[in-house]
1. Looking at segment 99-107, can you tell me whether even one residue there is under 25 Å from the mean Cα position of the chain (by Cα), of a type outside the set (Gly, Ala, Ser), within 25 Å of VAL419 (Cα to Cα) and in the same structural domain as MET415 (by TED's automatic domain parsing)?
2. Hey, could you check segment 372-413 for residues that are of a type in the set (Val, Ile, Thr) and touching a residue at least 40 places away in the same chain (Cβ under 8 Å) and say which is farthest from PHE339 (Cα to Cα)?
3. Going by the conditions given, is ARG218 touching a strand residue (DSSP E or B) at 6+ places or on another chain (Cβ under 7 Å) and not assigned by TED's automatic domain parsing to the domain that holds TRP139?
4. Only one of GLU364, GLU355 is surrounded by fewer than 23 Cβ atoms within 10 Å (Cβ to Cβ), more than 14 Å from PRO206 (Cβ to Cβ) and not small (Gly, Ala, Ser); which?
5. Name every residue in segment 222-272 that is in a loop (DSSP other than H, G, I, E, B) and among the acidic types (Asp, Glu), in order of residue number.
6. If a residue counts only when it is aliphatic (A, V, I, L, M) and over 24 Å from LEU411 (Cβ atoms), which helices (runs of 4 or more DSSP H) contained entirely in segment 296-391 have at least 1 such residues?
7. Considering only residues that are under 24 Å from the mean Cα position of the chain (by Cα) and either touching a residue at least 60 places away in the same chain (Cβ under 8 Å) or surrounded by fewer than 16 Cβ atoms within 10 Å (Cβ to Cβ) (or both), which ones fall in segment 174-184?
8. Just checking: which of the strands (runs of 3 or more DSSP E) contained wholly in segment 27-144 hold 1 or more residues that are closer than 18 Å to LYS170 by Cα?
Amino acid sequence: MKNVLIVSPRFPPSSAPDYHRVRMLLPFLERHGWKPVVLCVRDEYVDGATEPDLRGTIPESVEVVECRAFPANWTRKVGIGGLSLRAGAFLRSAGKRLLRTGKFDLVFFSTTEFPLLALGPQWLRRFGVPFVVDLQDPWVNPYYEDNELKPPGGHLKHAIHQAVARYNEKRVLRAAAHIVTVSPQYPTTLMSRYPDLPASRFSVIPFGAAESDFAFARGSGQTAFDPGDGRRHWVYAGAVVPGMHAGIVAFFDAFRRACVAGILEPDTVRLHFIGTDYAPGSLARGRVMVLAEKSGVARWVEEQPQRKPYLATLRCLLDADALLVFGSNEPGYTASKLFSYVLARKPLLTIFHEESAVIAAMRELAAGVVVAFNGKTTGDALARMVFDRWFAERGFEAVPATSWEAFRPYLAESMAEKVAAVFDGAVG
């Protein structure tokens, strides 16, 4: 049995999405020869929703080492809110204490707090322990510049972050024993940026889904809507970024056309957008209602920008009459929640860039209605496709005939087997 130190600052009971890879790995790693120890930040220092019930999804045998961080209500007074900056020194110290024992064969970083990945090369030099990086999102990301959008925090802060990211990304990825990504676009981009990185250094392993999570969710409640009020509730649960706006507007336009055509009785349908902003609590701001108002469908749209607990979100999927997933205009964008939507076994509409891995997966699984677009697709053309495939063909009433045999590789058990194989190769 080999030992792996998993660095995942946000961990249950936090409901932040970037720890779900780790949570789904933990029940299965030992059967593949890896004993995990998780290094995280104590939940009182992590912004966002917490969910004590998630502790029940973690095997009791898993050792979890928690550390402190500077409280956010202190650091925000000087303009610092990110968890990596508040907790970096504490995680570095705790990691060194653990690695000094000499019992660890590997370090696995699974987090979107990218500055913490710089600990990998430091610990490799100090202790000789190789490390694997799990890139769930692009680290260096020119999205805002390419689309001429104002980034969160402003252009100056974003420029500083990206300059630091470019410096650290090169050092970290060249030193990493292996790099796991959720999208096949990421290795292509990174190998073009760093030609000395071989393709063998990368593995594309999308987020899996755990059927056991739905068993927990059925015992939970949700307050986003009342499934017994006689209306049909269609749900999108997840963050909304600017690159999704075109798909959402096209859907609203198609919805309006379906109402005019008599396909829908609009007052019987509610469109729910839940957890649309990454900002915690009262800082969350709506992203969708302004689009709904411009499209003339605001009376049927309800947006709750605050992030919801994970199990409550799954319960929303179970209580919904139909599910919606919107992709970005970035080809490399993948939805970590997609396979949970599939497991909910509801009518499902996905609108994604044609080069996204989501399109290929949905077609392979026959898990719902697929609408694909590219950079040349006009808004009107996209709205027509949504109207034809979802509304005119009444896709919103059809439970997909999903190929569950094809779905097997996307279950958490299969994902854990692939990650364990990466671990074996990294130490070998």
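1. Just the residues of segment 99-107 that are under 25 Å from the mean Cα position of the chain (by Cα), to begin with: 106-107.
Narrowing further to those that are of a type outside the set (Gly, Ala, Ser): 106-107.
So of that shortlist, the ones also within 25 Å of VAL419 (Cα to Cα) come out as 106-107.
Then keep just the ones that are in the same structural domain as MET415 (by TED's automatic domain parsing); that gives 106-107.
Yes - at least one qualifying residue is present in segment 99-107.
2. Taking segment 372-413 and keeping what is of a type in the set (Val, Ile, Thr), we get 377-378, 386, 399, 402.
Okay, now just the ones that are also touching a residue at least 40 places away in the same chain (Cβ under 8 Å), so 386, 399, 402.
On the way: VAL386: 21, VAL399: 15, THR402: 11 Å.
The qualifying residue farthest from PHE339 (Cα to Cα) is VAL386.
3. It is false that ARG218 is touching a strand residue (DSSP E or B) at 6+ places or on another chain (Cβ under 7 Å) and not assigned by TED's automatic domain parsing to the domain that holds TRP139.
4. Details: GLU364 fails: more than 14 Å from PRO206 (Cβ to Cβ).
Matching residue, one of GLU364, GLU355: GLU355.
5. To start, the set of residues in segment 222-272 that are in a loop (DSSP other than H, G, I, E, B) comprises 222-231, 238-241, 261-265.
Across segment 222-272, the qualifying residues are ASP226, ASP229, GLU265.
6. On the way: elements: 310-319, 338-343, 357-365, 379-386.
Here the list reads 379-386.
7. Our first condition is that a residue be under 24 Å from the mean Cα position of the chain (by Cα); within segment 174-184, this holds for 176-184.
Across segment 174-184, the qualifying residues are ALA177, HIS178, VAL180, VAL182, SER183, PRO184.
8. Of the strands (runs of 3 or more DSSP E) lying wholly inside segment 27-144, those with at least 1 residues that are closer than 18 Å to LYS170 by Cα span 106-110, 131-135.
The values are calculated or read from the model by the stated rules, or taken from the named source; none is laboratory data. On a predicted model such as this, the values are computed, not experimentally measured, just so you know. We place every Cβ from the backbone using ideal geometry, glycine too, and count neighbours over all the protein chains shown.
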